[in-house]
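In what follows, a single structure is set out as structure tokens and then discussed.
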Amino acid sequence: MPAITVPDLMVLPRLPEPTETMRDRPVRTVVSAPKQREGAGFEVRRPFPSVDLRTADPFILLDQMGPVAYEPHEAKGAPWHPHRGFETVTYVMDGAMVHHDSNGGGGVIAEGDTQWMTAGSGILHDELPTEQLVMTGGWFHGIQLWVNLPRTLKFAAPRYQDLRGSELTLVSSHDGGALVRLIAGSIGGFDGPGSTYTPIAYAHASISPGGQLETPWPQHFTAMAYVLSGSGTVGAERRPVHEGQLAVFGPGDAITVSADARQHNRAGDLEVLLLGGRPIQEPVVQYGPFVMNTRAEIIQAMDDYQAGRMGNIPAEHLAGRRLGE
């Protein structure tokens, strides 16, 4: 899991240590992510929405793709499909993906990069493994997060943010035992580069074996920690967690995540996503790739898609041609 790292954590700015007056958020629940097939048949782990965690306002969905070592011609993606009413955030830690959209845009995101797509009023796009990954195989590991948009922004103009790994804000824990990559929002006074409509905080932390990450967390935000790889504990009560589990924290001012002394994984560290945001607290009606407030708006989205009002697949991609061919 290369993502983005530095040879010496001690040169990075440090997150502040939570003060004695800050209340450590208790662990409300731990959810194990079930596995399922998506797109053209690739496997994902999805902690929410699930039977154990149906809502995670302001988020709609979290999918972990991999880590997986693909054989040649085994890698699959998500062919052309529509979206409306929310944002997709795709973060790649291993391998690379190529994407195209109905506005003629496209690009490649590789290790440490993030693609932030505001679907808003509607767009068509695809997400595919690169030709090299398809032909030769190799490691792939990525995350896709769906961030809801409030009613007033459901029809915002579609846009992309392609965040290179080199643009992420890198900080260490106050004791130097964890590397934190800030993708969006503010944690402990440090800001990530992602521009968000819905106020959120989103980061990827690597915690050294036996290490601990304690950090202030916005009091008015929800707070969750998803284990990408490795094992450890969450909260001051040190509740055990391992790969594929999501910890949901209760109210408070700070969160704590600790790594077990031995990590039996490829990375060697406890790899965790930290995420949370300000709840939108509006009705949510989801039908596949559409996330709206009412059933009537879902029906309208389907009509608009079928009528081509969300765009059309560019002619050069109708035969399945990929970027760079």
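Details
- Test set (1) under 30 Å from TRP139 (Cβ atoms); (2) among the hydrophobic types (A, V, I, L, M, F, W, C); (3) modelled with pLDDT of 90 or more - MET10 fails condition number: (3)
- Selection count where residues are within 25 Å of THR90 (Cα to Cα), at pLDDT 95 or above and out of contact with any Ser or Thr (no Cβ under 6 Å at 6 or more places or on another chain), scope the range 260-276: 5
- The residues listed here are THR90, THR118, THR29, THR136; of these, the one that is buried (at least 21 other Cβ atoms within 10 Å of the Cβ) and of a type in the set (S, T, N, Q) is THR118.
- Test: residue in the range 150-168 that is in a strand (DSSP E or B), outside the structural domain of GLN263 (by TED's automatic domain parsing) and buried (at least 20 other Cβ atoms within 10 Å of the Cβ): yes
- Scanning the range 194-216 for residues that are within 20 Å of the chain's Cα centre (by Cα) and not in a strand (DSSP E or B) turns up SER195, THR196, TYR197, THR198, PRO199.
- The lone criterion from (1) in contact with a helix residue (DSSP H, G or I) (Cβ under 8 Å, 6 or more places away or on another chain); (2) within 20 Å of ARG159 (Cα to Cα) left unmet by PHE86 is number (1).
- Condition check for SER206: at pLDDT 95 or above, of a type in the set (S, T, N, Q) and within 30 Å of GLU20 (Cα to Cα): yes
- Any hit, the range 118-136, residues being touching a Leu at 6+ places or on another chain (Cβ under 8 Å), in contact (Cβ under 8 Å) with a residue 60 or more places away in the chain, in a strand (DSSP E or B) and not polar (S, T, N, Q): no
- Residue, surrounded by the most Cβ atoms within 10 Å (Cβ to Cβ), within the range 217-247, restricted to residues that are within 18 Å of the chain's Cα centre (by Cα) and among the hydroxyl-bearing types (Ser, Thr, Tyr): TYR226
The values are calculated or read from the model by the stated rules, or taken from the named source; none is laboratory data. What you see is a predicted model; the values in this text were computed from it and never measured. Here the Cβ is made from the backbone with ideal geometry for all residues, glycine too, and neighbour counts use every protein chain on show.
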